[in-house]
Amino acid sequence: MRWKTGRRSENVEDRRGGGLGGLPYGSQRPYGVGRKVGVGGGLGTIIVVVVLLFLGVDPTVLLSQLGQVPMEQTGPSQNPAPSQGRALSPSGRDELADFVSVVLADTEDTWDAIFSEKGKRYSDPQLVLFSGMTRSACGLGQAAMGPFYCPGDRKVYIDLAFYDELRNEFGAPGDFAQAYVIAHEVGHHVQNLLGISEQVQTRSRRSSKVEANQLSVRLELQADCFAGLWANRAHKARNILEQGDVEEGLNAASAIGDDRLQRQSHGKVTPDSFTHGSSAQRVRWFKRGLQSGQLSACDTFSAKQL
């Protein structure tokens with residue numbers, strides 16, 4: 001992927017090395033790219049964190065002693081030491097964070113143009129880099145959740161160590177696979193701006209668990225389609241794609257399908273519990289956005305077959 005000459009976004013908030021930061025707890029649901037079942041730490045850890053935060057205590061100190069999160073500096077660092085998911089270039093720049101900033105800027109340019117075509121104004125999201133865990137308007141964000149978007153504060157959250165998992169555990173290497181993750185989460189921001197997320201939440205509250213899961217699948221597949229739409233428009237405008245990039249994106253979409261993750265985690269597949277869609281569905285909708293480049297092609301909610 002051709003990215004090094006791209007514009008850097010000014011909407012990146014780096015919380016790495018600064019302990020827990022962000023807004024107080026909220027009740028809105030976060031939207032993630034997809035993850036293996038289960039979040040590290042367990043319910044007991046979550047309760048401890050909530051109590052400590054209520055008392056005004058930074059829980060990272062205690063949790064680091066319990067082995068839940070790595071001990072971090074008490075203040076922000078301009079040049080944090082290299083760690084897993086944070087490789088420094090020969091010039092000393094944090095190259096992966098730099099890459100994420102360029103991808104975010106590219107989604108800003110793309111969606112600004114698309115919204116302008118529709119006579120609307122696009123509002124950029126912020127992207128938060130964190131290590132281990134952080135606070136958001138949607139509650140406590142943990143690295144074990146994977147990247148996610150919180151509609152309450154309009155921010156995308158990512159622990160860059162996730163990219164190590166994407167490559168090593170999910171078998172989805174490559175810079176365009178990494179860009180797909182960011183573009184998917186920005187897709188949730190687009191849904192939030194268009195009012196789609198709120199409509200889904202309202203319908204979900206009146207639905208059964210199975211029906212709510214089906215609505216979630218359509219929402220996530222639309223975010224996949226939006227990611228493909230971004231790639232289409234960005235390549236036409238700025239020639240970002242290189243040979244093999246599309247295959248990396250399709251591989252990543254397939255790697256985090258619900259059926260594949262359930263089979264890896266439990267050895268069986270339960271379609272009624274899908275929340276993001278099967279591997280085949282995620283690939284299909286990413287390709288649809290990639291091939292069409294049109295917002296209208298991503299209407300998963302009217303589709304009779306996903």
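What follows draws every value from the coordinates through simple rules; no lab data is involved. This structure is a prediction, so every number in the text was calculated from the model and none was measured. Glycine also receives a Cβ, built like all others from the backbone with ideal geometry; neighbour counts cover every protein chain displayed.
Details
- Condition check for Gly228: buried (at least 19 other Cβ atoms within 10 Å of the Cβ) and out of contact with any Leu (no Cβ under 9 Å at 6 or more places or on another chain): no
- The combined condition, being out of contact with any strand residue (DSSP E or B) (no Cβ under 8 Å at 6 or more places or on another chain), farther than 27 Å from Val103 by Cα, part of a helix (DSSP H, G or I) and not hydrophobic (A, V, I, L, M, F, W, C), is not fulfilled by Gln222.
- Yes/no for Leu219 being farther than 16 Å from Ser279 by Cβ and crowded, with 22+ Cβ neighbours inside 10 Å: yes
- Taking the criterion of being buried (at least 22 other Cβ atoms within 10 Å of the Cβ) and not charged (D, E, K, R), the residues of region 280-289 that qualify are Gln281, Trp285, Phe286, Gly289.
- The residues listed here are Ala303, Ala252; of these, the one that is crowded, with 20+ Cβ neighbours inside 10 Å, more than 23 Å from Ala113 (Cα to Cα), out of contact with any His (no Cβ under 7 Å at 6 or more places or on another chain) and not hydroxyl-bearing (Ser, Thr, Tyr) is Ala252.
- Scanning region 255-306 for residues that are closer than 17 Å to Ser216 by Cβ and either of a type in the set (Gly, Ala, Ser) or in contact with a strand residue (DSSP E or B) (Cβ under 7 Å, 6 or more places away or on another chain) (or both) gives Gly257, Ser273, Gly277, Ser278, Ser279, Ser302, Ala303.
- Condition met for Ser101 (closer than 20 Å to Ala223 by Cα, part of a helix (DSSP H, G or I) and in contact with a strand residue (DSSP E or B) (Cβ under 6 Å, 6 or more places away or on another chain)): yes
- Count of region 258-275 residues which are without any contact (Cβ under 8 Å) to a residue 12 or more places away in the chain, surrounded by 12 or more Cβ atoms within 10 Å (Cβ to Cβ), of a type in the set (D, E, K, R) and over 16 Å from Gly171 (Cβ atoms): 0
- When Gly244 is tested against the conditions (1) small (Gly, Ala, Ser); (2) over 20 Å from Phe148 (Cα atoms); (3) crowded, with 19+ Cβ neighbours inside 10 Å, the lone failure is (3).
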